[in-house]
Every structure is written in structure tokens, then in C-alpha cells.
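The values are calculated or read from the model by the stated rules, or taken from the named source; none is laboratory data. Small disclaimer: the values here were computed from a predicted structure and weren't measured. FYI the Cβ positions are ideal-geometry reconstructions off the backbone, even for glycines, and counts take in every protein chain you see. The accessibility values were calculated without ligands, DNA or RNA, using every heavy atom of the protein model including side chains. Shrake-Rupley method; radii C 1.70, N 1.55, O 1.52, S 1.80 Å.
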Amino acid sequence: MIFIVLIFYAIISIYGVLSLYKKNLKKEIPIYIFLISISFILNSLIAMKVPIPDPMIYFRKFLEWLKRILGGFL
Amino acid sequence: MKREVISNKQMQLFIFIYPIGSYSLFNMGAGVKQDAWIASIIGIIISMPMLFLYGRLMDLYPGKNLFELLEIVFGKFFGKILSVLFVFHIIFIGAYIFHNIMDFIKLTALWNTPIFIPMLCMILLCIWILKEGIETLWGWAKFNIRLILIFMIFTWILLIPEMQLSNLQPFFYSSFEKILNEGLSLAIYPFIESFIFLLFFDVVQYDSSTKNIFIKPVIVSGLFVTLIMMINLMLLGGNAYASFYYPGYEAMKKMHLAGSFQRMEIIVSIEFIIFRFVEIDCCLLGASKGIQKIFNLNDYRDILVPVASLLMTLAYIMFGSIMEAKEFVADLWTFYGFLLQVVLPIIIFIVALIRKKWVIQNS
């Protein structure tokens, strides 16, 4: 599974970066690589069945905390 | 960079489509059972001042989107911080909508298919259509909405024998306070969520009527979705409506016309996926425009693929099950939406108004 993820991200990243390079959009390349590397890392962890913390737990806790601070309205 | 332009009417089509997706399938306003349609009407009324404010806000700086406006009003630094906040918000909404579709597909059709396969197919189509431009998305939406509306009205007519008006009674069975609360939730999601259109408002060809762009489509759409809700309630009854995850889908199963005309729930499935597809595209467009502005990039299309990939990954990991998603929405969505779509825009509007007056006075 990890190989499929690797190949998939390698293909789309190389294609994307090369097309940006051809268009002389050098400012876009690091942002492109940074954004795609986030999903690549997350998808690799999922593919390798590494337990990743549920992002919604922390977000939920944060919102509950904020709601409590603001008086629990709504 | 290719300049994209759509007219007011074209933008209004997107605003009209936005609330229909969730209403066509989910048990919106289920907390008040058969009074859900009253809550929906209250929701439309509550959302009006905010929609009016959104129009006025964009009227202060015509031809700009919210990200550009934030930099003008709050300066580069604070403008970018607020932009980051809204980019997270829009990616979150997009991922939630995407997660909804995938849950639905998994629960009703593709039980054994790994969910990332339909996800990948859908996100590739989203990227493709946005690469072609918002005009293409509009053309696609316009073509589909006509067919969907015809089919919806056709199925409603065929379902008339199954409808029971008594399922809507007694009116005001829940307390008015409860209906009002539910109305507020419905105002935040989906009516006030039309906020997402501010994020790519620069594509609208600006004229004097643009400041009221939100009002008409949301009223028409609101009345239309209230009708959908009433039909679902008349077909299922308040209790069943509140207990099903997908009452719109279950209601269609009631059709057994002349013994052979049945299994029309496929229409609801197709309509839900098409509407949600447009919603995801709008979120993706908003998020890409935000990142384009934050990093001063040339064109949002250049970073469409990584943003779409991020949205898809978040949609994959965000909720373990439909129960978790429902619980989150019931407990916190109104509060979350209220902060980001009501409180923050009001603050932005006040600051923008003061700044505009100050600039006029000093020039």
C-alpha cells in the first residue's frame, strides 16, 4: 500500500513541480512541495497503519474550552 | 493569468445550490421533529441580516474578495493572520462536506469498496473542473440543476398519494424556544454558510445590484428546501424523520406507484452527490484563493492539486463514523459557525466601514 502512495505522490509532485518550473513560477514551487508533503506524510502514516491522533479530538476540546470561556452560549 | 468573470446571476446560482445539498438528504432540524419546517423558515429570517451585511461588506471594496479586503482593512500582517484562519475554516468545511458524501456512498452503495477510491475519483474531477475555471463549473451546475429540479418535482408529484398532511400536525408541538434554537442552527448551517462565497467574490462582475446578491437566492433556496423538508415529514412523520440519518433517501423508498414504479431513491443520491460536488468545488476554490493571497502567488490553479490533496486527506481522517460527525455538528457546529461566520464578519465590517470613512475624510 505504501508503494502505491509513494508512486502516486511522486508522480503528481514531479509533474506539478516541473510544470511550475516550465512556467517560471519559482515562488510557487516550495509552497507546492510544502502543502503536498503534509498530505504525503499523513497518507503514508495511514498506509503503514501507524496510529495517528484524531485531529477532531483536539479541535473539539479546543472549541468546548472556548465555548465554556464565552459562557456556554449556543 | 486568465481573468475569470461571472455575472451576478451566475453567482446567485451557486448561492442557490449551496443549501439544497444538505436538506435533500439529512434530517435538518430533527430536534423539533414535525416542527422542523417552522424552524427552517425561522432560520431563513434569522440569516437575512447577516446576508445583507455580507453584501454591504463586499460593496465597500468592489471587485475584491475577502482575503484582499482583509489585507486592505487590517494591513498585511493581521490581514494574513485572519486569512489563515479563514483558509483553515474553508478547508474544514470542504473536508466535512467531502466526508458526508463518502459516508453516504459507503452506507448506501459501495459497502466493500475502500473509501479512498471514490474519494480520489471525485477530487480529480474537482481539480479538473476548477482548472477549467469557474465559468465551466457554473455551466456544469446550470446543466445539472435543471435536470435535478425536473426530476425532483416529478417524483414529488408521484409521491403525493403517500403523503399525509397529518404528519405535520400538531403544529408547534415543541416549545417555541426549542424551535427558535433549531432555527438558529439552521441559519448558521447552511444559510449563513453562504459566507464561503465571499472568499472568491472577486470573480463577480460588479454592478449596483451586487450588494444584494445573497438575498434573493437564499430566500428562493430557503423556501425550496423548506418544501423538501415538509415533503419528507409528510412522507415519514416526525419521529421517523428525526431517527433516520438520511430521511430524504428513506422518503423516496415510499414510492410504489402501480407496483412497478419504485426505487427512485437513486434520484436523491445523484442530486445529493451533484450538489455536494459543487459545494466542495466552492470550498476548494475559496481555500486556493486564500493560499494564493497569503503567499502572493500568481494563480490559484498552480496550487490547486496540493490543496485538494490536503482537503481529501483531512476528509479521510476527520471522523471515525457518521455518529461522531453528527455528534460534533449537534454539539459545536452552531457555536463554531457563529464565531467565524457571524462575529468575525461583523467585526470586519465595522473596521472596514471606519477605515473607509477615515480614508474618505483624509483624501
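Around B:ILE6, which amide H atoms from residues at least 5 apart in sequence, or from another chain, sit under 5 Å from its own amide H, with H modelled in the peptide plane?
HN-HN under 5 Å from B:ILE6: B:VAL204, B:GLN205.
Which of the aspartates and glutamates could a cross-linker bridge to B:LYS76, judged by Cα under 20 Å and excluding same-chain residues fewer than eight apart?
Partners within reach: A:GLU28, B:GLU68, B:ASP202, B:ASP299.
How would you rank A:7-16, B:243-252, B:219-228, highest first, on the average number of other Cβ atoms within 10 Å across their residues?
Top to bottom by mean Cβ count within 10 Å: B:243-252, B:219-228, A:7-16.
Just list whichever of B:LYS9/B:LYS178; B:LYS216/B:LYS289; A:LYS61/B:LYS142; A:LYS22/B:LYS142; B:LYS142/B:LYS356; B:LYS211/B:LYS357 have alpha carbons separated by over 30 Å in the model shown.
Over 30 Å apart, Cα to Cα: B:LYS9/B:LYS178; A:LYS61/B:LYS142; A:LYS22/B:LYS142; B:LYS142/B:LYS356.
Treating the beta-carbon of each Lys and Arg as +1 and of each Asp and Glu as -1, no other charges, what is the dipole magnitude of chain A about its Cα centre, to the nearest 20 debye?
My answer is approximately 180 debye.
Express the carbon and sulfur contribution to the solvent-accessible surface of chain B as a percent, rounded to the nearest whole number, probe 1.4 angstrom.
Ligands and nucleic acids excluded, carbon and sulfur reach 68 percent.
Taking the Cα centre of segment B:109-253 as the origin, how large is its charge dipole in debye, to the nearest 20, when only Lys and Arg (+1) and Asp and Glu (-1) carry charge on their Cβ atoms?
160 debye
Can you pull out the buried accessible area for chains B and A, both sides counted, probe 1.4 Å, rounded to the nearest 100 Å²?
Adding both sides of the contact gives about 2900 Å².
Leaving out ligands, DNA and RNA, what percent of the accessible area of chain A is carbon and sulfur, probe 1.4 Å?
76 percent
In degrees, nearest 10, range 0 to 90: what is the angle between the Cα axis of helix B:134-159 and the longest Cα principal axis of chain B?
Relative to chain B, helix B:134-159 is tipped by roughly 20 degrees.
Can you give me the angle between helix B:36-60 and the longest principal axis of chain B, using Cα atoms only, in degrees from 0 to 90, rounded to the nearest 10?
It is inclined by approximately 20 degrees.
Any idea of the accessible area per residue across chain B, 1.4 Å probe, to the nearest Å²?
Computed with neighbouring chains in place, this is 40 Å² per residue.
Given a cut-off of under 8 Å on Cα pairs at least six residues apart, what relative contact order in percent is computed for chain B?
Result for chain B is 39 percent.
For every other residue with a beta carbon closer than 15 angstrom to the beta carbon of B:LEU107, add +1 if it is Lys or Arg and -1 if Asp or Glu, then tell me the sum.
The answer is 0.
Calculate the FRET efficiency for B:SER260 and B:GLU324 from the Cβ-Cβ distance with a Förster distance of 41 Å, rounded to the nearest 0.05.
So the FRET efficiency works out to roughly 0.55.
So what is the relative contact order of segment B:184-264, in percent, for Cα pairs below 8 Å that sit 6 or more residues apart?
16 percent
Just flag the trypsin sites (Lys or Arg not before Pro) in segment A:12-41 sitting in loop per DSSP whose Cβ has no more than 10 other Cβ atoms within 10 Å.
Passing sites in segment A:12-41 are A:LYS26.
Leaving out same-chain residues fewer than 8 places away, which lysines sit with a Cα under 28 Å from that of B:LYS254?
Within the straight-line limit of under 28 Å, B:LYS254 reaches these lysines: B:LYS33, B:LYS106, B:LYS326.
Classify segment B:160-272: rounded, prolate or oblate, from the alpha-carbon gyration tensor (a ≥ b ≥ c, eigenvalue square roots; a/c under 1.5 rounded; otherwise prolate if a/b is larger than b/c)?
Verdict is oblate for segment B:160-272.
Run a plain Debye calculation on the protein assembly as shown (Cα atoms as equal point scatterers, no solvent) and give log10 I(q)/I(0) at q = 0.07, 0.10, 0.14 Å⁻¹, rounded to two decimals, same order as the q list.
After summing over all Cα pairs, the log10 values are -0.35, -0.73, -1.43.
Please give the contour-minus-distance gain from A:PHE62 to A:ILE7: 0.36 nm per residue of separation, less the Cα-Cα distance, rounded to one decimal in nm.
So the chain would gain 16.2 nm between A:PHE62 and A:ILE7.
So what's the angle, to the nearest 10 degrees on a 0 to 90 scale, between helix A:28-47 and the longest Cα principal axis of chain A?
70 degrees
Set the Förster distance to 25 Å, then compute FRET efficiency between B:ILE347 and B:PHE52 from the Cβ-Cβ distance, nearest 0.05.
Taking R0 as 25 Å, the efficiency between B:ILE347 and B:PHE52 is 0.90.
How much length would be gained if the chain were fully extended between B:ASN298 and B:LEU227, taking 0.36 nm per residue of separation minus their Cα-Cα distance, in nm to one decimal?
Length difference between fully extended and current span is 21.2 nm.
In segment B:323-344, which residues give up 30 Å² or more of accessible area once the other protein chains are added, compared with their chain alone (1.4 Å probe)?
For segment B:323-344, once contacts with the other chains are taken into account, B:PHE328, B:ASP331, B:LEU332, B:PHE335, B:TYR336, B:PHE338, B:LEU339 lose 30 Å² or more.
At a threshold of 8 angstrom on Cα-Cα distance, excluding pairs fewer than six apart, so keeping six or more, what relative contact order does segment B:217-317 reach in percent?
Reported relative contact order: 13 percent.
Using a 1.4 angstrom probe, figure out how much accessible area chain A has per residue, in square angstrom, rounded to the nearest whole.
69 Å²
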